[in-house]
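The values are calculated or read from the model by the stated rules, or taken from the named source; none is laboratory data. Since the model is a prediction, treat every value here as computed from it, not as a measurement. Neighbour counts run over all protein chains shown; Cβ positions are idealised from the backbone, glycine included. Note: areas computed on protein heavy atoms with side chains; ligands, DNA, RNA excluded. Shrake-Rupley method; radii C 1.70, N 1.55, O 1.52, S 1.80 Å.
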Amino acid sequence: MNLEWIFFDAGNTLIGLNYHLLISALDAAGFRVDELTLRRAERSARRVLDRAILERWRGGALPRTGWIESGVQRDFWRQILELSGATPYQADALVDTVLEVTRPAGSWDRVESSTLPALDALSDAGYRMGIISNSSGTLVEHLRSIGMARRFELIIDSHDVGVEKPHPDIFRLALETSGASASSSLYVGDVYAIDVLGAASAGMHAMLFDPLGGWDPTALPPGAPVCRTLHSLGDLRGLLEPPA
């Protein structure tokens, strides 16, 4: 594929969750858990997340906004908490605590050592870059505070534009705003049914960021877009042709 633009998801792709904040909040609420347990549970819960969104996608009715953040994310974190040892009653009570930590962009302050060099290499090679992310209206300022915003020509925060992934309209908005064509644009994100499905529905190329190698393509229903996986952002430059 001959690309001009590369768009990225933010959380769990460019920036990682500060698990210390989450674990501290859960501990204060009476539930003790460690980071490894949460990470393992999250990996398993992603399959449930994908299935829920794919089922809605197959029905042909993806809401523009409100559904992922208010519904799907609650179910996702409830599943993680139960897999981490919480009772169903505890998990239901703790979801609000989790979302209070995970929704603000400021809680996502972990940047892998390979991330910034990878972005710089893509920029040096002539690719133009942007971000399309479901966030809380705080993403742009947060990325400025950690020195990442300047690497991107466009940052789309779902809260600011009134539409959230996986609805294709948020991807179309990014294309329209940037002047990019779908056929010359790639989207990279970490959740198949939110990132790959949404971008492909807007006609873009898509890659699944899967650093732990947990993606199982056999889970896809008939007609769902296939995708390549990416284990490290540092590998991306070597997989692409130079922009025209």
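How many Å² of accessible area per residue for region 1-146, probe 1.4 Å?
Working: 6980 Å² over 146 residues.
Here the residues of region 1-146 average 48 Å² of exposed surface.
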Pick from Ile170, Ile131, Ile53: which residue has the top mean-square fluctuation in a GNM of the chain where Cα pairs under 10 Å get a spring?
Ile53
Carbon/sulfur fraction of accessible area - the chain, other protein chains in place, 1.4 Å, %:
49
When Lys and Arg each count +1 and Asp and Glu each count -1, what net charge do the other residues less than 11 Å away from Phe8, Cβ to Cβ, add up to?
-2
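Take the Cα radius of gyration of region 57-117 and divide it by 2.2 N^0.38 Å, with N its residue count; two decimals is plenty.
Details: Rg = 15.1 Å, N = 61, 2.2 N^0.38 = 10.5 Å.
Rg over 2.2 N^0.38 Å, computed on Cα atoms: 1.43.
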Could you work out the relative contact order of the chain? I mean the mean sequence separation of Cα pairs under 8 Å and 6+ apart, divided by the number of residues, in percent.
28
Could you give each residue of region 220-237 its phi-based ³J(HN,Hα) in whole Hz, using Karplus coefficients 6.51, -1.76, 1.60 with θ = phi - 60°, and x for Gly or Pro?
6, x, x, x, 6, x, 7, 7, 8, 10, 10, 8, 8, 4, x, 8, 5, 4
Taking the radius of gyration and the Kirkwood hydrodynamic radius from Cα positions alone, what is the Rg/Rh ratio for region 111-203, to two decimal places?
0.94
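Let's test the formula: R0 of 25 Å, r as the Cβ-Cβ distance of Ser113 and Glu241. What FRET efficiency results, to the nearest 0.05?
Numbers: r = 26 Å, r/R0 = 1.06.
About 0.40, to the nearest 0.05.
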Under unit Cβ charges (Lys, Arg +1; Asp, Glu -1), what dipole magnitude, rounded to 20 debye, does region 116-244 have relative to its Cα centre?
160
Out of Ser44, Ala149, Leu236 - ranked by how far each Cα lies towards the positive end of the dipole of the chain, with unit charges on the beta-carbon of charged residues - the top one is Ser44
Roughly how many Å is it from the Cα centre of region 163-178 to that of region 56-102, as a whole number?
23
I need the calculated FRET efficiency for the pair Ser232 and Leu99, taking r as the beta carbon distance and R₀ as 41 Å, to the nearest 0.05.
0.90
Please name which of Trp77, Ala118, Pro63 has its Cα lying farthest along the dipole of region 47-136 towards the positive end, using unit charges on Cβ (Lys, Arg +1; Asp, Glu -1) and the Cα centre as origin.
Pro63
Filter the trypsin sites (Lys or Arg not before Pro) in region 1-50 to those in DSSP coil with at most 11 other Cβ atoms within 10 Å of their Cβ, and list the result.
Arg32
Could you list log10 I(q)/I(0) for region 18-94 at q = 0.11 Å⁻¹, which the Debye formula gives when each Cα is one point scatterer?
-0.32
I need the Kirkwood Rh of region 1-61: take the reciprocal of the average 1/r across all distinct C-alpha pairs and report it in angstrom.
14.7
Just how large is the dipole of the chain about the Cα centre, in debye to the nearest 20, putting +1 at every Lys and Arg Cβ and -1 at every Asp and Glu Cβ?
320
Distance between Cα centroids, region 124-142 to region 1-49: provide it in whole Å.
18
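Just the Kirkwood number for the chain, please: inverse of mean 1/r across all distinct Cα pairs, in Å, one decimal.
When all Cα pairs of the chain are included, the Kirkwood radius is 18.3 Å.
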Once you place label points 7 Å from the Cα toward the Cβ at Leu36 and Leu21, how far apart are they in nm?
2.5
At R0 = 30 Å the Cβ-Cβ FRET efficiency linking Arg64 and Ile146, nearest 0.05, sits at 0.55
Per DSSP H run of at least 4 residues, take -39500 (n - 2.57); add these up for the chain, divide by its residues and hand me the 222 nm value, nearest 500 deg cm²/dmol.
-12000 deg cm²/dmol
